[in-house]
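The values are calculated or read from the model by the stated rules, or taken from the named source; none is laboratory data. Since this is a predicted model, take the numbers as computed values, not measurements. Here the Cβ positions follow ideal geometry from the backbone for every residue, glycine too, while neighbour counts run over all protein chains shown. Ligands, DNA and RNA are excluded from the accessible area calculation, which covers all protein heavy atoms including side chains. Shrake-Rupley method; radii C 1.70, N 1.55, O 1.52, S 1.80 Å.
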Amino acid sequence: MRIFEKSTKLDNVCYDVRGPVVDEANRMIEEGIDILKLNIGNPAPFGFRAPDEIIREMADSLTDTEGYSDSKGILPARKAIAEYCRKKNIPNVEIGDIYTGNGVSELIVMVMQGLLNDGDEILMPSPDYPLWTAAANLSGGRPVHYVCDEKAGWYPDMDDIKRKITDRTKGIVIINPNNPTGALYPKEVLEEIVQIAREHELIIFSDEIYDRLVMDGKEHVSIASLAPDLFCITMNGLSKSHKVAGYRVGWMCLSGDKSKVKGYIEGLNMLSSMRLCSNVPAQAIVAPALKAAACQDDLLLPGGRIYEQREFICDALNSIPGVSAVKPSAAFYIFPKLDIKRFNIRDDEQFALDFLRQEKVLLVHGKGFNWEVPDHFRIVYLPEMDVLEKAMKKLEIFLSTYRQV
């Protein structure tokens, strides 16, 4: 009998945000068990709604968006993105440098496939958003993880970055604001990364999908604005800021010095054309959404739901013996640390499974974000306050007696 196995290209590909722990949660749900999901940054299930005008805009555009668009996207969307780049001081971005995507996820895969040959290296943060690492592996490249330092507010460790650069390194990825830590990198940190990239002739990839979800009066700086002499690819989209994750609308822009990447851009154009185009009805909301994005989201201000839930989750975690957490400045994630000696934790996936089975709460363990020490996990703090309160009480009770066998 002929047996078909998965491709060996998938041997090093991992996406535990929807991995074995989620499989167990789904099995429990099929048995009728109610599971509180704190594992995915999906605003809709927690009562966050897209602005009414955005929904109307998509509905009104449906008869005009039935066909394919240009492979890079419709002109009004790309013009609006180009204007947004200008507001963010991202240099040298023309209409042809902008590609719309079915979310940023599709574009992450595209930029890795277009660049990496077998054995090429790309610097990735640890912890990271795991799709970046998975996409590099799937492309035949070798993701090399640099450490983000929890004691320094989860900022990248520059010395670690420098140590890990070789003659095979083609680029560096940053996620700012960061998922899973919620860190926001200040200008000084970004300038150090730019200088390293400049010295070693690296491409900069910047995932900025949370740039409009910043709290505490802080300002997001796009790293591309600091690197007019370097080639940068900046990713962004509407999924989180406009609560339309299911619409799958994202984009990337190419900026800076493009003189040395003509072949790479040719490859990106080829890959963009191969998928024909991104979701055209979703493209239709880009221009009105970015026009509205100039206003501060009240949810992120004191008294606003995301802000207050951030305050609560941080205080609640730090009050549990054996748990500590750095307060996030952006997005809606927090990446707490466990005292592994206190709880005898050797396997963080097992910790997540044990908590799920006992307390019916679904988290993502730190290894799922390419964090090697089994001492962290990610919480999505989107649920309503009373739900978060119950979840934190469950965690406190669970940890009061937990010792990993």
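Return the residues of segment 195-232 that are part of a strand (DSSP E or B) and closer than 16 Å to residue 125 by Cα; say none if nothing qualifies.
203, 204, 205, 206, 207
Take the residues of segment 300-326 that are under 19 Å from residue 184 (Cα atoms) and hydrophobic (A, V, I, L, M, F, W, C): which is most open to solvent (accessible area, probe 1.4 Å)?
301
Which condition does residue 56 not pass, out of (1) of a type outside the set (Gly, Ala, Ser); (2) touching a Lys or Arg at 6+ places or on another chain (Cβ under 7 Å); (3) surrounded by 11 or more Cβ atoms within 10 Å (Cβ to Cβ), if it passes all the others?
The one condition residue 56 does not meet is (2).
Just to check your reading of the model, which residue among 44, 50 is buried (at least 16 other Cβ atoms within 10 Å of the Cβ) and modelled with pLDDT under 90?
50
Name the residue, out of 29, 33, that is in contact (Cβ under 8 Å) with a residue 60 or more places away in the chain, at negative phi and either open to solvent by 40 Å² or more (accessible area, probe 1.4 Å) or part of a helix (DSSP H, G or I) (or both).
Sole residue among the options that is in contact (Cβ under 8 Å) with a residue 60 or more places away in the chain, at negative phi and either open to solvent by 40 Å² or more (accessible area, probe 1.4 Å) or part of a helix (DSSP H, G or I) (or both): 33.
Of all residues in segment 81-117 being of a type in the set (Gly, Ala, Ser) and surrounded by fewer than 22 Cβ atoms within 10 Å (Cβ to Cβ), which is farthest from residue 258 (Cα to Cα)? Please lay out each step first, then the result.
At the first step, the residues of segment 81-117 found to be of a type in the set (Gly, Ala, Ser) are 82, 96, 101, 103, 105, 114.
Retained after the next criterion (residues that are surrounded by fewer than 22 Cβ atoms within 10 Å (Cβ to Cβ)): 82, 96, 105, 114.
Details: 82: 17, 96: 12, 105: 23, 114: 15 Å.
Taking the candidates together, the pick is 105.
Each row is one residue, and each column tells you yes or no for (1) among the β-branched types (Val, Ile, Thr); (2) in a helix (DSSP H, G or I); (3) out of contact with any helix residue (DSSP H, G or I) (no Cβ under 6 Å at 6 or more places or on another chain).
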position	(1), (2), (3)
242	no, no, no
246	no, yes, yes
253	no, no, no
265	yes, yes, yes
268	no, yes, no
271	no, yes, no
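If you scan segment 155-180, which residues turn out to be in a strand (DSSP E or B), of a type in the set (A, V, I, L, M, F, W, C) and either open to solvent by 60 Å² or more (accessible area, probe 1.4 Å) or within 13 Å of residue 201 (Cβ to Cβ) (or both)?
Residue satisfying the conditions is 172 alone.
Select from segment 330-354 the residues that are acidic (Asp, Glu) and open to solvent by 10 Å² or more (accessible area, probe 1.4 Å) and write down the one among them that is farthest from residue 28 (Cα to Cα). Show your work before the answer.
So the first thing to find is which residues in segment 330-354 are acidic (Asp, Glu), and the list is 339, 347-349, 354.
Checking which are open to solvent by 10 Å² or more (accessible area, probe 1.4 Å) leaves us with 339, 347, 349, 354.
Details: 339: 28, 347: 21, 349: 17, 354: 13 Å.
Looking at residues that are acidic (Asp, Glu) and open to solvent by 10 Å² or more (accessible area, probe 1.4 Å), I get 339.
Residues checked against (1) crowded, with 17+ Cβ neighbours inside 10 Å; (2) in a loop (DSSP other than H, G, I, E, B); (3) aliphatic (A, V, I, L, M):
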| position | (1), (2), (3) |
| --- | --- |
| 328 | yes, yes, no |
| 356 | yes, no, yes |
| 372 | no, yes, no |
| 377 | yes, no, no |
| 382 | yes, yes, yes |
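Taking residue 306, is it closer than 22 Å to residue 402 by Cβ and either in contact with a Lys or Arg (Cβ under 7 Å, 6 or more places away or on another chain) or in contact (Cβ under 8 Å) with a residue 40 or more places away in the chain (or both)?
In short, no.
Filter segment 205-264 for residues that are closer than 18 Å to residue 330 by Cβ and β-branched (Val, Ile, Thr) and give the result.
209, 214, 221, 223, 234
Of all residues in segment 187-229, count the ones that are open to solvent by 20 Å² or more (accessible area, probe 1.4 Å) and of a type in the set (Ser, Thr, Tyr).
Total meeting the criteria: 1.
If we keep just the residues of segment 384-398 that are surrounded by fewer than 19 Cβ atoms within 10 Å (Cβ to Cβ) and touching a Leu at 6+ places or on another chain (Cβ under 9 Å), which is nearest to residue 28 (Cα to Cα)?
Among those residues, the one meeting the criterion is 394.
So residue 258 passes all but one of these: (1) part of a helix (DSSP H, G or I); (2) basic (Lys, Arg); (3) surrounded by 14 or more Cβ atoms within 10 Å (Cβ to Cβ). Which condition number does it fail?
Single failed check for residue 258: (1).
I'd like the full set of residues that are touching a residue at least 40 places away in the same chain (Cβ under 8 Å), in a helix (DSSP H, G or I) and more than 17 Å from residue 397 (Cα to Cα), limited to segment 336-354.
349, 350
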